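The values are calculated or read from the model by the stated rules, or taken from the named source; none is laboratory data. Model, not experiment: these values are computed from the prediction. Reconstructed Cβ throughout: ideal geometry from the backbone, glycine too, with neighbour counts over all protein chains shown.
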Amino acid sequence: MRWGQAALAAGALLSLPGCQSTLGAMQGEGRAVEVPVTIARLPSVVQPYPRIEQVLECVRSTGALAGKTFVVGPFADSTGKINAVANGATGAFVPQGGSASYITDAIAKAGGRVISTYFGPPAIQAPAQYMINGIFNTLDFGTAYYADLQVAGIGPVVQIGWAQLSLSIQLDEAGTRLNRQMSMIQRPVRYSQLGLTAGKSINGNLVTGQAGMQNQERLQFEALNGPVALGVVDVLMKEFPVAREVCKPLVADLLTPVPMPTAQQPKPNVQN
């Protein structure tokens, strides 16, 4: 009798609408088997943020996010890189969680409602359909070219370097945390320095010195604000077809997957 009563109770619970929707979400109803991932890269020249704002306004005009609520958490930094050498800067190279405000701004401009959990969970739980988070995945540095050429103690110094930052934006279902869409953005940051060094004896007097100029794109703002918003636009257009159809042409060049180089297969040696 006890087993029979337990079976009837379980059947009654499963028949409730809330249990059915939860089980349906856990089983992945209504979602594609494979979640597409765009490996997008912004050009080496910083794109004006007003261009991305134009796309967000386009998504808003479609009404795709009307009545949709998004929960935004802190923006994680998993690069493991600490900045202790730049002039006037210490700590980490990228913001520590503060880039979540870029996601909040992008969602609001696209017409959605936002629940921010950066300062902690809300006192009153509000229903939400989506959760959206971001991660700084990797940050690599390199020097493409360096030269220090001196003739008779005087000569030029040239240095060209770069930083490659990758970040991802993840869109999940709010209740189950099942992943819906993901966007991966790669952003190059350029650095160049030109200078002149001198170390020469003139009329018995040793003259030394160095003069130079440098040009570096800021890693904290230009390299992050636009790419984060672009990743938000990417996942929104993947999730909402009407927004993709109307607005993707505005940023199609920025969201084109970068082709990976393939090794040339050796041709067979056929002898007659």
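Between PHE119, PHE93, the distinction of being modelled with pLDDT under 95, touching a Lys or Arg at 6+ places or on another chain (Cβ under 9 Å) and not aliphatic (A, V, I, L, M) belongs to PHE93 only.
Taking segment 123-149 as the range and being surrounded by 14 or more Cβ atoms within 10 Å (Cβ to Cβ) and more than 17 Å from the chain's Cα centre (by Cα) as the test, the residues that pass are ALA128, GLN129, TYR130.
Counting residues in segment 72-82 that are outside any loop (DSSP other than H, G, I, E, B), of a type in the set (S, T, N, Q) and buried (at least 17 other Cβ atoms within 10 Å of the Cβ) gives zero. Inclusion of SER183 among residues that are within 17 Å of THR256 (Cα to Cα), without any contact (Cβ under 8 Å) to a residue 60 or more places away in the chain and surrounded by 17 or more Cβ atoms within 10 Å (Cβ to Cβ) is not warranted. Entry remark, segment 133-175: residues being over 26 Å from VAL228 (Cα atoms) and outside any strand (DSSP E or B) number 4 in total. From the list THR197, THR208, the lone residue that is buried (at least 16 other Cβ atoms within 10 Å of the Cβ) and more than 27 Å from SER116 (Cβ to Cβ) is THR197. Of note, GLN164 satisfies the criterion of being in contact with a strand residue (DSSP E or B) (Cβ under 6 Å, 6 or more places away or on another chain) and more than 25 Å from SER61 (Cβ to Cβ). Among PHE221, PHE136, which is the only one that is at pLDDT below 80 and under 20 Å from ILE52 (Cβ atoms)? The conditions single out PHE221. Residues of segment 40-76 that are modelled with pLDDT of 85 or more, out of contact with any helix residue (DSSP H, G or I) (no Cβ under 7 Å at 6 or more places or on another chain) and more than 23 Å from ARG244 (Cβ to Cβ): ALA76 alone. Scanning segment 151-175 for residues that are within 14 Å of the chain's Cα centre (by Cα) and either of a type in the set (Gly, Ala, Ser) or modelled with pLDDT under 85 (or both) turns up GLN164, LEU165, SER166, SER168.
Is segment 188-202 home to any residue that is closer than 25 Å to SER78 by Cβ and modelled with pLDDT of 90 or more?
Start the filter on segment 188-202 by keeping residues that are closer than 25 Å to SER78 by Cβ, which leaves 188-191.
This time we only want the ones that are modelled with pLDDT of 90 or more, so: none.
Within segment 188-202 (the criterion being closer than 25 Å to SER78 by Cβ and modelled with pLDDT of 90 or more), the answer is no, since none of the residues qualifies.
Are any of the residues in segment 125-132 in a loop (DSSP other than H, G, I, E, B) and either farther than 24 Å from GLY175 by Cα or among the β-branched types (Val, Ile, Thr) (or both)? Give the steps one after another, and end with the answer.
First, the residues of segment 125-132 that are in a loop (DSSP other than H, G, I, E, B): 125-129.
Next, only the ones that are either farther than 24 Å from GLY175 by Cα or among the β-branched types (Val, Ile, Thr) (or both) stay: none.
No, segment 125-132 has no match at all.
Given the criterion among the aromatic types (Phe, Trp, Tyr), in contact (Cβ under 8 Å) with a residue 12 or more places away in the chain and in contact with a helix residue (DSSP H, G or I) (Cβ under 6 Å, 6 or more places away or on another chain), identify the matching residue among TYR130, TYR146, TYR118. Let's see the steps before the verdict.
Details: TYR130 fails: in contact with a helix residue (DSSP H, G or I) (Cβ under 6 Å, 6 or more places away or on another chain); TYR146 fails: in contact with a helix residue (DSSP H, G or I) (Cβ under 6 Å, 6 or more places away or on another chain).
Result of the check over TYR130, TYR146, TYR118: TYR118.
Screening LEU178 on (1) surrounded by fewer than 17 Cβ atoms within 10 Å (Cβ to Cβ); (2) modelled with pLDDT under 80 shows it passes everything except condition (2).
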